[in-house]
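Just below is one structure, and these are the notes that go with it.
Here, each number is a calculation from the coordinates, and none is a lab measurement. This is a predicted model, so every value here is computed, not measured. All Cβ positions, glycine included, derive from the backbone under ideal geometry; neighbour counts span all protein chains shown.
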Amino acid sequence: MTAVVTTTRVGFSVVVARSARARASHPSSSAARAVTLAAARFGSKATAAASARACGGRITGTIGRAASSSSRDASTSAGRGVGASSSSDGEDGFAGFLPNSPSAPPTPKRPQPGKGKRTPQLRFDGDTYKTPAARRRERDEGERLNKALASLGVASRRGADDLIFGGRVKVNGTTITAPQTKVNLNTDVVMVDGKVVEGGVSFVKEHTYFMLNKPKGFVCSARPGSESGKTVLDLFEQWREEFRSEYPGKLPPRLFTVGRLDVATTGLLLVTTDGDWSQRVSHPSSEVVKQYVVTANAKPTRAQIVAMSKGTEVDGAHVVPVRVEVAGADGGPKNRIIVEVVDGRNREVRVLCESAGVEVKNLKRTRVGGLRMPKELPLGKYVRLKPAQIAHVLDKGLAINGGTF
């Protein structure tokens, strides 16, 4: 008859097979060695030594090493026995290592879904990702002076640095020359050239969106009165005057151009107080299609159209237009080409034409996304977009006429 006893400890499991016949006639059998291992693991040092002698000292290999190792720490569990070597002591020896026993270590609880500590939502503020607590702390402690001036529409971040270094900015009556100075716009009085700075993007509750028919000779800059010449933002002075009349003492919000058109290109340009929307529309991942009409000096050949359709290198990357075709196919002027692109890289359409040998006389943008510029909008004039028109900018379907107001 064979009796099997299984003992379990953390990281260790041993099976003791005991046979009265095998132990009596074959003291060096594997069964006897198993008893020796169990005795050395759970019994006293004397029990382990006696079991080793019963095996004739021939405990070798893995079991021998385990028995020797177990004998060294057997003193910590003296008095505990296994099987027939002890009665109550054997049960006590096993009880300390059986699951759910009184002396067993508690089993860690499995974390329940939804009951753990939630990870705070991070938000990108243009420099780093910050948690809600960090954003609240920054709001309470204040923000950098140059960043505050830029958010209020006074100037760009670099332009704000120039104002501060020039000694033109005061905070609570003190001239500040360090851009990193912390200010709290809710409590501190900030002045630029003797005028209190108020309003700005943080003051406006709803953003404004414009569609401008950009004329030649104007650059797309985020700051009016740029040193590079006339900017498209100079064309919005009437809107600024209306804002100052409605909110006396307040500074108009900062305007952003959605993408850029070079100084010689005319046509549809979106301008808004919503900087996030501006970046979303202009980013290539939005895949917003921009349509241009190229007026060439001569009628383009079929080979030139094919060459433009294959794309070319622009700013170190190979770009391929979405559509290239002659606009005069329906009886119109034969020297006009419709080009649609998604990337919107610097001078992309002009580079496409130059690579195919097409000389550009005029270049005009007529559509952005699903919004088409109305023919009745004069050069240099703008209109405010309605919510439905704003939504159509990110559409990838058919364009709507932006002139339906």
Practice task
Can you tell me how much longer the chain between D276 and E246 gets when fully stretched, taken as 0.36 nm per residue apart minus their C-alpha distance, in nm with one decimal?
Solution key: 8.3 nm
Practice task
Report, by chain and number, residues whose modeled amide H sits under 5 Å from the one on T231, excluding near sequence neighbours (fewer than 5 apart, same chain).
Solution key: V219, G225, S226
Fill in the blank from the handout: Quick calc: nm separation of the 7 Å Cα→Cβ label points for E313 and H283 -> 2.9
Handout entry: Exceeding the 20 Å Cα-Cα cut-off - candidates K216/K250; K361/K381; K216/K381; K299/K364
Key = K216/K250; K361/K381
Handout entry: For N335, net neighbour charge (Lys/Arg +1, Asp/Glu -1) across residues whose Cβ lies under 11 Å away
Key = +3
Problem - Estimated distance in nm for a label pair at A391 and R168, the labels positioned 7 Å out from Cα along Cα-to-Cβ - result: 4.3
Fill in the blank from the handout: Simple SL model, points at 7 angstrom along Cα→Cβ for N346 and N184; separation in nm is 4.3
Fill in the blank from the handout: Given backbone amide H placed at 1.01 Å from N, residues whose amide H is under 5 Å from that of T312, ignoring those fewer than 5 places away on the same chain, are V319
Fill in the blank from the handout: FRET efficiency for A303 and W239 from the Cβ-Cβ distance with R0 = 56 Å, rounded to 0.05, comes out at 0.75
